[in-house]
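Derivation of every value follows stated rules applied to the coordinates shown; laboratory data play no part. Just so you know, these numbers come straight off a predicted model, no measurement behind them. We place every Cβ from the backbone using ideal geometry, glycine too, and count neighbours over all the protein chains shown.
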Amino acid sequence: MTKKIKLLFATGNENKVKEVRQLAGKNFEIFSLKDLGLDKFNVEENGTTFNENASIKAKFYSKHTDLPVVADDSGLVIDYLNGEPGIYSARYLGEALSFNDKCKIILEKMENVTNPRERSARFVCVACVSLNEKILFCEEGRVDGYISFEMKGEGGFGYDPIFFYPPLNMTFAEMPMNLKNKISHRYQAFYKLFNTLKNSPKVGEFL
């Protein structure tokens, strides 16, 4: 039996934990911050890019565990809104506001934009691995689409109800999770990350 690689996934978002555990498969054992009692800590994400924020989180939590730490930063980038919400996706318009309300406000901001090409957007995810406060490597994934004209779908989370994916003619929130996990920005970033962890002899020295 192959020994599982144990990783801490440094996020307080249980939806992300669920997604990544499905992506990890049988080769990895994913622990959440809550699992290890580290959810009491807060880290200031003061980077200016997805890569910087993911690195900040990964290095911070690697101070508190001997496990390799994986952290990601992801968000929705809307061209018409000059890249908003971008790295501020989770905090956009205030953390007290629900994502349902945030989606509605974005649709209101774009209500006069009738050409789908002018509603272009992308989901971006950067995932980094840290050990002993050092970044081993980072991987990036992205999915291009556009902002829908209305909220659709009951699945997913965050901005999924307004992100329309043309190849499948549906929003991320309309997709079953097993389908979303085959194409999403998070799937792409973590697929690369898990493959690197499994196949790189250099990385293996640390695990």
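Please work through the chain and write down the cysteines that have no neighbouring cysteine Cβ at a distance under 4.7 Å.
Cys103, Cys125
With a ≥ b ≥ c the root eigenvalues of the C-alpha gyration tensor of the range 55-146, is it rounded (a/c under 1.5), prolate (a/b larger than b/c) or oblate?
Prolate.
What pairs from Lys16/Lys182; Lys59/Lys109; Lys4/Lys59 go past 25 Å between their alpha carbons?
Lys59/Lys109
Given the rule -39500 (n - 2.57) for each run of at least 4 DSSP H residues, summed and divided by the residues of the chain, what is its mean residue ellipticity at 222 nm, to the nearest 500 deg cm²/dmol?
Theoretical 222 nm ellipticity from helices: -8000 deg cm²/dmol.
Taking the Cα atoms only, what angle lies between the long axis of helix 99-109 and the longest principal axis of the chain, rounded to 10 degrees?
Between helix and principal axis, roughly 40 degrees.
Tell me, what is the percent relative contact order of the chain, built from C-alpha pairs under 8 Å that lie six or more residues apart?
Contact order relative to length: 18 percent.
Once you have the alpha carbon radius of gyration of the range 111-176, what is it after dividing by 2.2 N^0.38 Å, with N set to its residue count?
1.43
Return the inverse of the average 1/r over all pairs of distinct C-alpha atoms in the chain, which is the Kirkwood hydrodynamic radius, in Å to one decimal.
About 17.6 Å for the chain.
Where is the GNM fluctuation largest for the chain (alpha-carbon springs, 10 angstrom cutoff): Pro161, Pro116, Pro68?
Comparing Pro161, Pro116, Pro68 in the GNM, the peak value goes to Pro116.
Rounded to the nearest 10 degrees, what's the angle between the helix 185-199 long axis and the longest principal axis of the chain, both from Cα atoms, 0 to 90?
20
What's the angle, to the nearest 10 degrees (0 to 90), between helix 14-24's Cα axis and the longest principal axis of the chain?
It is inclined by approximately 60 degrees.
Remind me, relative contact order of the range 3-74 in percent, using alpha carbon pairs under 8 angstrom and six or more residues apart?
Averaging sequence separation for qualifying contacts and normalising by length gives 39 percent for the range 3-74.
Calculate, axis by axis, the spread of Cα positions in the range 1-86 along the three principal axes, and write the results as whole Å, longest axis first.
For the range 1-86, the Cα extents along the three principal axes come out at 51, 26, 18 Å.
Roughly speaking, what is the centre-to-centre gap between the range 32-68 and the range 105-147 when only Cα atoms are used, to the nearest Å?
20
Using Cα positions and a limit of under 14 Å, work out the aspartates and glutamates in reach of Lys34, with same-chain residues fewer than 8 apart set aside.
Candidates past the 8-residue exclusion: Glu14.
Placing unit charges on C-beta atoms (Lys and Arg positive, Asp and Glu negative, everything else neutral), compute the dipole magnitude of the range 62-198 about its Cα centre in debye, rounded to 20.
Details: 16 positive and 18 negative charges, 70 e Å.
Computed charge dipole of the range 62-198: roughly 340 debye.
Can you list the aspartates and glutamates whose alpha carbon is less than 16 Å from that of Lys102, not counting same-chain residues fewer than 8 positions off?
In chain and number order, the partners are Glu84, Glu111, Glu150, Glu154, Asp160.
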